[in-house]
Amino acid sequence: MSKRDFYEILGVSKTCTDAEMKMAFRKAAMDCHPDRNPDNADAEIQFKELNEAYQTLSDAQKRATYDRYGHAAFEHGGGFGGGGDGFAASMADIFDDLFGDVMGRRGGGRTGPARGSDLRYNLEITLEEAFHGKTASLTLPTSVGCEVCSGTGAKPGAKPRLCPTCGGQGRVRAQQGFFAIERTCPHCHGRGEIIDDPCPPCGGSGRVTRERSLSVNIPPGVEDGTRIRLAGEGEAGAKGGPAGDLYIFVSTKPHPFFQRDGADLFCRIPISMVQATLGGEVSVHTIDGRGEAKVKIPEGTQSGKQFKLKNRGMPVLRSRDVGDLYIQATVETPQNLTKRQRELLAEFEAESSQKTHPESHGFFAKMKDFFVSGE
């Protein structure tokens with residue numbers, strides 16, 4: 001089988017610069033690296049082709065020879081061994097891209113103060129509190145810097161010493177071919193230091209657990225899932241590092257009368273058959289604290305009819321806009337009728353016409369026509 005063109009494998013043109021070639025190689029190698037494609041034989045073959053192509057073209061002399069003679073220049077013992085400095089640098093970059101985050105950092109250098117973890121707090125509020133806003137008081141356990149040792153982890157008067165295993169790096173490395181396999185130092189567990197005389201209150205960690213009380217401002221109009229960030233109120237950092245952040249996730253309790261959709265509120269109210277027939281007026285409590293709102297019920301109101309009260313819904317977060325309140329009328333069927341009431345309703349039904357029940361008369365007439373014509 002004839003070999004594919006090296007430029008084609010890398011996805012670059014023959015006039016590409018070294019930087020363009022390096023970028024293309026890194027991207028392609030990241031995509032098909034065997035560690036990212038386990039049990040994928042095609043990815044492994046593609047990765048080997050990429051290595052072979054880049055080992056040749058990253059070396060200026062080999063590239064010039066390849067441009068002139070093609071694959072024939074390296075047959076019969078020519079080989080592709082070695083590889084230029086550009087190839088080694090790119091492979092190191094790819095290793096950092098693949099495993100740097102897993103190792104906890106990129107590049108060399110001694111491990112310094114680490115930022116603390118972010119914390120999450122779930123806060124449930126009422127719909128009324130979401131409307132007006134509130135100042136919530138929170139009590140939560142969190143790690144804070146040890147005051148006795150100032151976060152060093154060592155007993156006052158004592159000092160940590162450099163880890164002899166990793167030389168203070170916090171990591172140990174073993175070279176295997178093109179790759180340098182790096183892992184956390186098993187002696188100091190990544191600290192880079194050994195604490196022979198740990199601080200008693202924190203046990204050498206540099207942090208202690210405390211309960212803290214915080215106040216957080218909940219603005220009017222917050223919705224379910226609203227996230228409020230309190231910078232620097234998370235877990236204390238290791239070795240005197242900065243604290244993480246605290247994220248407040250707000251949720252709203254179900255309301256017995258109102259349902260919310262964005263800034264709009266919806267409410268169902270029962271009305272009697274007489275109110276629906278003759279019309280009238282009902283009073284509805286609103287959530288804005290402005291007292292009752294009057295809703296006019298016109299004659300002949302059907303069940304499910306909605307009435308809109310403008311600007312009586314929820315405020316829009318960080319805006320002057322306000323949603324609307326929608327009132328849905330539900331016509332209530334009378335129950336437990338007296339004998340006289342039954343007689344009156346039966347008399348009314350007997351005298352009813354198409355004008356008094358236009359929808360039902362029209363519906364049953366259409367149904368009859370449909371099924372008769374379909375026979």
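If you check Glu349, Glu343, Glu299, which single one turns out to be part of a helix (DSSP H, G or I), open to solvent by 100 Å² or more (accessible area, probe 1.4 Å) and more than 24 Å from Phe258 (Cβ to Cβ)?
Numbers: Glu343 fails: open to solvent by 100 Å² or more (accessible area, probe 1.4 Å); Glu299 fails: part of a helix (DSSP H, G or I).
Unique residue meeting the criteria: Glu349.
Among the listed residues Ala29, Ala43, which satisfies the condition of being assigned to a helix (DSSP H, G or I), aliphatic (A, V, I, L, M) and either touching a Gly at 6+ places or on another chain (Cβ under 9 Å) or touching a residue at least 24 places away in the same chain (Cβ under 8 Å) (or both)?
Details: Ala43 fails: either touching a Gly at 6+ places or on another chain (Cβ under 9 Å) or touching a residue at least 24 places away in the same chain (Cβ under 8 Å) (or both).
Just one listed residue meets the conditions, Ala29.
Just checking: which of the strands (runs of 3 or more DSSP E) contained wholly in the stretch 109-222 hold 1 or more residues that are under 30 Å from Phe266 (Cβ atoms) and among the aliphatic types (A, V, I, L, M)? Give the steps one after another, and end with the answer.
Values: elements: 119-125, 134-145, 171-176, 179-184, 207-218.
Output list reads 119-125, 134-145, 207-218.
Among the listed residues Leu214, Leu278, Leu265, identify the single one that is among the hydrophobic types (A, V, I, L, M, F, W, C), touching an Asp or Glu at 6+ places or on another chain (Cβ under 9 Å), at negative phi and open to solvent by 80 Å² or more (accessible area, probe 1.4 Å).
Numbers: Leu214 fails: open to solvent by 80 Å² or more (accessible area, probe 1.4 Å); Leu265 fails: open to solvent by 80 Å² or more (accessible area, probe 1.4 Å).
Of Leu214, Leu278, Leu265, the one residue that is among the hydrophobic types (A, V, I, L, M, F, W, C), touching an Asp or Glu at 6+ places or on another chain (Cβ under 9 Å), at negative phi and open to solvent by 80 Å² or more (accessible area, probe 1.4 Å) is Leu278.
Phe249: at pLDDT 95 or above, surrounded by 14 or more Cβ atoms within 10 Å (Cβ to Cβ), under 32 Å from the mean Cα position of the chain (by Cα) and not in a loop (DSSP other than H, G, I, E, B), yes or no?
Numbers: at pLDDT 95 or above: no; surrounded by 14 or more Cβ atoms within 10 Å (Cβ to Cβ): yes; under 32 Å from the mean Cα position of the chain (by Cα): yes; not in a loop (DSSP other than H, G, I, E, B): yes.
The answer is no for Phe249.
Looking only at residues in the stretch 16-58 that are of a type in the set (Gly, Ala, Ser) and open to solvent by less than 50 Å² (accessible area, probe 1.4 Å), which one is nearest to Gly70 (Cα to Cα)?
Kept after step one, since they are of a type in the set (Gly, Ala, Ser), are these residues of the stretch 16-58: 19, 24, 28-29, 41, 43, 53, 58.
Now narrow it down to the ones that are open to solvent by less than 50 Å² (accessible area, probe 1.4 Å): 24, 28-29, 43, 53, 58.
Details: Ala24: 20, Ala28: 22, Ala29: 23, Ala43: 25, Ala53: 11, Ser58: 15 Å.
My answer is Ala53.
When the residues of the stretch 177-200 are narrowed to those that are within 14 Å of Cys149 (Cβ to Cβ) and surrounded by fewer than 13 Cβ atoms within 10 Å (Cβ to Cβ), which ends up modelled with the lowest pLDDT?
Restricting to residues being within 14 Å of Cys149 (Cβ to Cβ) and surrounded by fewer than 13 Cβ atoms within 10 Å (Cβ to Cβ), the top hit is Asp196.
Which one of these is modelled with pLDDT of 85 or more and either exposed (fewer than 13 other Cβ atoms within 10 Å of the Cβ) or not charged (D, E, K, R) (or both): Ala154, Ala174?
Sole residue among the options that is modelled with pLDDT of 85 or more and either exposed (fewer than 13 other Cβ atoms within 10 Å of the Cβ) or not charged (D, E, K, R) (or both): Ala154.
The values are calculated or read from the model by the stated rules, or taken from the named source; none is laboratory data. The shown structure was predicted, so the numbers you read here are calculated from the model rather than taken from an experiment. We place every Cβ from the backbone using ideal geometry, glycine too, and count neighbours over all the protein chains shown. Just the protein is used for accessible areas: all its heavy atoms, side chains included, with ligands, DNA and RNA removed. Shrake-Rupley method; radii C 1.70, N 1.55, O 1.52, S 1.80 Å.
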